[in-house]
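Chemist: My structure is below; once you've seen it, I'll send some questions.
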Amino acid sequence: MSEQYDVIVIGAGYGGVTTAALCAKEGRRVLLVEKTNQAGGKAQTIRRNGYAYEMWPVLSLPAADSQFHALVAELGIEDEAPLIVPEGDKAIELKYLGADGEWRSYIGPSKQAEDPLALDRLESTFGVSKEDVEKMLALVGQVLTLSEEEIDALDDTGMLGWMRSFGVPDPVIAYMSAMLNLVFVSPVDRIPVSEGVRTLRQLFLGGGGRYHAGGYGRPAEAAAAYVEAHGGTFLTKTRVERVIVEDGRAVGIETDAGEFRAPVVVSNAGIQPTILKLVGAGNVPADYAKTVENLEPGMGMVGVRYFLDERVLETGMIVAFSNESWWDTERYEAVQRGEWPDVPLVFAAVTTEYDPTLAPEGHQIILVGLLGSPDPKSELNDEVIARGEAAIAEMWPGIPEHIVKREVYTAASVSNMTRDAVVPGQGGECIGLNQVIGQCGLTKPDARTPLPGLFIVGTDAGGFGCGTHQAVESGMAVAQMVLEDLATHAPA
Ligand SMILES: Cc1cc2nc3c(=O)[nH]c(=O)nc-3n(C[C@H](O)[C@H](O)[C@H](O)COP(=O)(O)OP(=O)(O)OC[C@H]3O[C@@H](n4cnc5c(N)ncnc54)[C@H](O)[C@@H]3O)c2cc1C
């Protein structure tokens, strides 16, 4: 006899735990099944040898008033998972390599809109004129004032062309594109304005660089514990092998720990692994299976974790770049041919600047991310990491001098930890599906699948914006759909 639940959630990433906890809150019996040791998915916090850290840099936006704030408030777990919204005027650093070969820094508050010196600092950092800054302000003005209908109408327009239409100079394009590359990990020319503008609006109004006390994964751990405290079960180290389909409906799961049944199955395992592997293409309409197979994974992010015996960096979030560092489709193709920028786009999360208790006293954790390929077998990523580390040693010679431990991660590490590779070149995508025209905004895949009883949750459906933030948003939307369905099909 298999165990019966109201809702089964496959995967305890931010999308999965959000749906699971919100369904448990409404009195539904929830089974949350996770193949790794703990909740948090790609953003989970590992605790090892006196350090607490994520496998890669995870800071999110908006920093203030985010869906994370809404989630912890809804569950009443604010005290177990305090969210750190960076404060003060040294919250973020932009390091820009000018055409003259000089590195210049902008160090400022998380919300640049609240920095009285922002314009002066942008002018001096990027070496642009007052007129150029005014063009940038016109662009920012549009970001803040476009109506929802106007934004939707830009669903097929790419961010790069749109930004260029304001006549802003290359350093401003470099700055905006670097930010967009890091938020979406997609080529800038193909990020739709609809997605880009909505997310930049969140950034300008809510700031960037949110982290969580105890580690980025803490709210996910607290949400999974909430499921257990509200009559549900959280199984870790349990891999779902198959979604059971009977009479044209998802009715349960088969795992390495046995079989479980529920009228609703929600998968956080990624739309492609869910449909093509766990469900099987034969159990959904052929055109849907084909559409899912043809979806494009986002780009990868690869890099290094540094554990230092001294505080070398003094800012929690650092983005370093030149005019050549950001990637659009053309530049991504160029690096695949071996044509590299002068310096890679470097993203550094210095998590001990947010919460010093994450490391032994006086030690520092620096998690570095670099744009790469999502293909777990890609050889490009080794070169990305070598070039990234050379730039880091040049910018911050103190880092190589104070290393206690150094760990490299690749697209294969990302895939092994979270998302199975089921189509060629896929598995190590940083965020999830590529957030490009045709796959997000109005054309984002539906969280509700054609297989009755099966929903997709997480970055692949149901939300918009920056990685973990869109996963939580999706989790909230899917919880609503599931609860409505259950009210009809399986009253509590
Ligand atoms: C290098 C890197 C840097 C990033 N930086 C940021 C950042 O700065 N800010 C940000 O917001 N986002 C960042 N992200 C992206 C963000 O982490 C993800 O987009 C987000 O966490 C995805 O959430 P999710 O709920 O969609 O799924 P995931 O986090 O992928 O969770 C899916 C879960 O399902 C589990 N699972 C999968 N298959 C099975 C199975 N068969 N059985 C049981 N369990 C299964 C997995 O183990 C995992 O726990 C980064 C990601 C990477 C890789």
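Read the figures in this text as sums done on the coordinates, not as results from a lab. This is a predicted model, so every value here is computed, not measured. Methodologically, a virtual Cβ is constructed for each residue, glycine included, from the backbone with ideal geometry; neighbour enumeration extends over all protein chains shown.
Chemist: Among V172, A220, V240, pick out the residue whose Cα is farthest towards the positive end of the charge dipole of the stretch 170-280, where Lys and Arg carry +1 and Asp and Glu carry -1 on C-beta, about the Cα centre.
Modeler: Final value for the positive-end residue is V172.
Chemist: Can you tell me the length gained on complete extension of the stretch D382 to R104, counting 0.36 nm per residue apart and subtracting the Cα distance? Walk me through the numbers on the way to the answer.
Modeler: Numbers: separation 278, 0.36 × 278 = 100.08 nm, distance 2.77 nm.
Additional length available on full extension: 97.3 nm.
Chemist: Just from the alpha-carbon atoms, what are the Rg and Dmax of the stretch 1-154 in angstroms?
Modeler: In order Rg, Dmax, the Cα atoms of the stretch 1-154 give 21.8, 73 Å.
Chemist: Can you put S194, S165, S415 in order of Cβ neighbours within 10 angstrom, beginning with the fewest?
Modeler: On the way: S194 25, S165 11, S415 22.
In order of increasing Cβ crowding within 10 Å: S165, S415, S194.
Chemist: Which loop-located trypsin sites (Lys or Arg not before Pro) does the stretch 188-264 contain, where loop means any DSSP state but H, G, I, E or B and the Cβ has at most 12 other Cβ atoms within 10 Å?
Modeler: The qualifying sites are K237.
Chemist: Taking the Kirkwood radius as the inverse of the mean 1/r across Cα pairs, report the Rg/Rh of the stretch 92-206. It would help to have the intermediate numbers written out before the result.
Modeler: Values: Rg = 13.9 Å, Rh = 14.6 Å.
Taking Rg over the Kirkwood Rh, I get 0.95.
Chemist: If you stretched the chain out fully between E228 and E87, how much longer would it get, using 0.36 nm times the residue separation minus the C-alpha to C-alpha distance? Could you put the intermediate results ahead of the total?
Modeler: Working: separation 141, 0.36 × 141 = 50.76 nm, distance 3.42 nm.
Extra length available between E228 and E87 comes to 47.3 nm.
Chemist: Suppose every K and R has +1 on its Cβ and every D and E has -1 on its Cβ; what is the size of the dipole of the stretch 92-206 about the Cα centre, in Debye to the nearest 20? Mind dumping the intermediate values first?
Modeler: Details: 10 positive and 19 negative charges, 59 e Å.
That gives a dipole near 280 debye.
Chemist: Let me ask something else. Once you charge only the Cβ atoms, +1 for Lys and Arg and -1 for Asp and Glu, what is the size of the charge dipole of the chain about its Cα centre, to the nearest 20 debye?
Modeler: Details: 38 positive and 69 negative charges, 203 e Å.
Dipole size: approximately 980 debye.
Chemist: Give me Y288, Y53 ranked fewest to most by other Cβ atoms within 10 Å of their Cβ, as a rough exposure proxy.
Modeler: Working: Y288 16, Y53 25.
In increasing order of surrounding Cβ atoms, one gets Y288, Y53.
Chemist: In addition: Against the 2.2 N^0.38 Å scaling, with N counting residues, where does the stretch 76-125 land? I'd like the Cα-based Rg ratio to two decimal places.
Modeler: Rounded to two decimals, the normalised Rg is 1.56.
Chemist: Could you estimate the translational diffusion coefficient of the stretch 299-416 from the Stokes-Einstein equation, with Rh from the Kirkwood formula over C-alpha pairs, at 4 °C and 1.567 mPa s, in whole µm²/s?
Modeler: Values: Rh = 14.8 Å.
Value of D from the Cα-based Kirkwood radius: 88 µm²/s.
Chemist: Right, another one. For a footprinting-style exposure proxy, rank L71, L370, L235 by other Cβ within 10 Å, fewest first. Walk me through the intermediate numbers first.
Modeler: Numbers: L71 26, L370 23, L235 17.
Least to most surrounded, the residues fall as L235, L370, L71.
Chemist: Next up: Do the alpha carbons of any pairs in K35/K290; K290/K444; K25/K277; K95/K377; K111/K405; K277/K377 sit beyond 25 Å of each other, and which pairs?
Modeler: K35/K290; K25/K277; K95/K377; K111/K405, as the Cα separations exceed 25 Å there.
Chemist: Let me ask another. What Kirkwood hydrodynamic radius, in Å, does the chain give when the mean of 1/r is taken over all pairs of distinct Cα atoms and then inverted?
Modeler: Values: mean 1/r = 0.0439 Å⁻¹.
Value: 22.8 Å, from the Cα pair sum.
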